[in-house]
Structure formats: structure tokens, C-alpha cells
Amino acid sequence: MADPWLLGIEIGGTKLQLGIGHGLGSLRAIARLGVEPSGGAQGILSQIESALPAFLRTTDLAPREIKAVGIGFGGPVDTAQCRTITSYQVAGWDQFPLARWVRDHLDIPQVVLENDSDSAGLAEARFGAGSGHSPLLYTNIGSGIGGSLILDGHIDRGCGNGALEIGHLGVIVDTPQGPSLVELEQVAAGWAIARSAQIEAKRLLDQGRDDWIVLSQALGQPERITAEHVARAEQAGDVTATSILDRARSAVAFALTQAVTLLAPSRIVLGGGVSLIGEAHWLLPIRQLVNQNVFEPFRGHFEIVAAALGEEVVVHGALALARDAIIPTTR
């Protein structure tokens, strides 16, 4: 029997991707589309429905040749019912029967739905930086922070809807009012790093100073500051940017230290846009902090590495899920 052709879909808050493959770690084709959040869920669904025929034509495949669809969704999902629970970025996804919509509108009967972080972790475990490692912890740090726990090449869903929601783990940070317990995402997500820099830029402007390198990169407009601006400033030697990133790196390291103590993973894979800051200014400091503070008997028994599959990671995971749906694998 020939390997089946499968469709993998990533639905995010700012990005929509369609990919064709066999679910074995390579792609025949991929299409990337922007998402307009103001269009809501219906806008994204319309994009998928209108884009798919032309996309398939680029692969010389007929719709009937697609045997299953896997979807990695940017938000919590009910995998058993194949429904999205909600999206924190795009309206209209509350309790949405996405599998039924796919069957009705795309005429593909076999559909599997998973959270995007779990899909990405699965892909890294089978085809990427986590290959051959179990337990594997994956976390993506970007516009939000998600994570997944992969055991023997399969997603561990805990009691039902997933495990390793590390972005919601509490971390202690210093505030003007004293130490405070906040969610990791509030400190280390891309928007949180940018927010810290925006606050600092406004403080400097109030003092009549407009010479901060981060502010200059943002053309003097605090609201335009991004985490990328902060990273570039640190690489140029700016101590304020280093202070902002230290806060984020320390919070991530604290969260990973707790995860290691509880789960004793073989490898931790860090992905997402913020991780593109790189080895010297992101992975290495986090790795050093974790090794410094982790439960001593576990030190030296795990690695922290960069993700390997780039922008296509969720699509690879979605395709793997689609393949598992029609060619089940055993643990």
C-alpha cells in the first residue's frame, strides 16, 4: 500500500499554513497565508475553503487523493470531540465543531485536531531536535507560551486536554510593590518582553531622553517596540535591554527547573519566535541557570536544545497526527 497523501493545517492567531505530505517528516508543498484577527474564525475558515483547491493544483493531486486532515490549532481543544474550546487571539472559536466543518466543507472524512504546541512537540519528537528522546519536553515561546510532553513519540494529554501548559506556570518576579507570583507568559512571551521595553521607553521620554537604542530602532515610538528590538539592543551591548531579557530568561529557567524536577526529561526543546534570539543570548543563559538550580541528582541527565523544524513544525505535527489516524502506531 502506498503512503497516503495527507493535509496538515496550522491555524494560529496571525498565521495560517497548509501542507501536503505523508506525515513522515517531509512536505510535498506548503502554503503560508496571513490571518486578519478582526475577521474572526469565519474569516479563517473562508480562507481555508477558498485556498485549498488552488493549493492542491500546485501538487497535481485531486481532492479525493487526500485521505485525512490533521489540524494544529492555536488554543485549547477538545481532541475527543474534535472541537476548538477557544482562541485567545481570534473571536468565534468557542466550542466550534471544526472536524464537522472540515467534513462538510472540504469533503475529507477523516479529521484529527490537536493544540498547536502539542502538534509541534510531536513533530520535534519524531522528526526534529527531540528524535530518539523520551520523555521530551517541548515549549514554544513566541506571542504566547505553550508546551507539550511527548512520551515514546506520542502526545501525553494528562487527564484529557494536554499536559505541560508551562506558559501558565507561576513564577516569582520583582515588581515595584515587591515580589509577585505571575504566569510565565506574563513575563517571557514576546509581547511581555516588548511591554517591559515600552514601559522603559516611556519612562525615558518623560525624562526628556530619546537616546535609548531600543527606542531609536522603533523610530522613537514606544508602541512599535518588539522583543526583536530588545534582542538586537542587547547584542549591541545595551545594559537595559540585558536587564529586560534577564528577567525573561530567569523566569523561563525557573519554570524549566520545576518541570525537570517533576518529569525528569531526557531532552528539552525550545522553539518559538523568541527562541530565535539564539544560542548566546537565549539558550545558553537559560541552560546555565537551569543547570545551576535544578535538583542535583538530575543534573547532567538532560539537554536543552533549540527546535529544528522552524516555521513548518506545526504542519509536520498535524500531518503526523493525520497519519496516526489512518495508520495507527503503538507505543
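Every number here is computed from the coordinates shown, using simple stated rules; none is lab data. Here the structure is a predicted model, which means the values were calculated and not measured. Please note: Cβ atoms are built from the backbone with ideal geometry, for glycine as well, and neighbour counts cover all protein chains shown.
Per residue, what volume in Å³ does the Cα convex hull of segment 67-122 take up?
Details: hull volume 4.4 nm³, N = 56.
That works out to 78 Å³ per residue.
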Axial C-alpha extent at least 18 Å, average Kyte-Doolittle at least -1.0 - helices from the chain (DSSP): 40-59, 190-206, 239-263, 313-326
About the Cα centre of the chain, how large is the charge dipole given +1 on each Lys and Arg Cβ and -1 on each Asp and Glu Cβ? Please answer in debye to the nearest 20. 340 debye
Running a GNM on the chain with Cα contacts under 10 Å, which residue among T240, T257, T175 ends up with the highest mean-square fluctuation? T175
Calculated FRET efficiency for the pair V239/L27, C-beta based, R₀ 30 Å, to 0.05: 0.10
Would you grab the residues whose amide H sits under 5 Å from the one on G271? Only those 5+ places off in sequence or on another chain, please, with H modelled 1.01 Å from N. T139, N140, I141, A307
Arrange S148, S250, S266 by Cβ neighbour counts within 10 Å, fewest through most, would you? S266, S250, S148
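Counting only other residues whose beta carbon sits under 14 Å from that of R209, what net charge do I get with K and R as +1, D and E as -1? Can you show the working numbers first?
On the way: positive: K202, R203; negative: E200, D206, D210, D211, D238.
For residues surrounding R209, the net value is -3.
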For F302, enumerate residues with amide H under 5 Å from its amide H, sequence gap 5+ or separate chain, H modeled in the peptide plane. none
Between beta-carbons, use under 12 Å as the cut-off and find the net charge around G72, counting Lys and Arg +1, Asp and Glu -1. -4
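With both partners inside the chain, how many of the DSSP beta bridges are antiparallel, as a percent to the nearest 5?
On the way: 30 of 51 bridges.
Among the beta bridges of the chain, antiparallel pairing accounts for roughly 60 percent.
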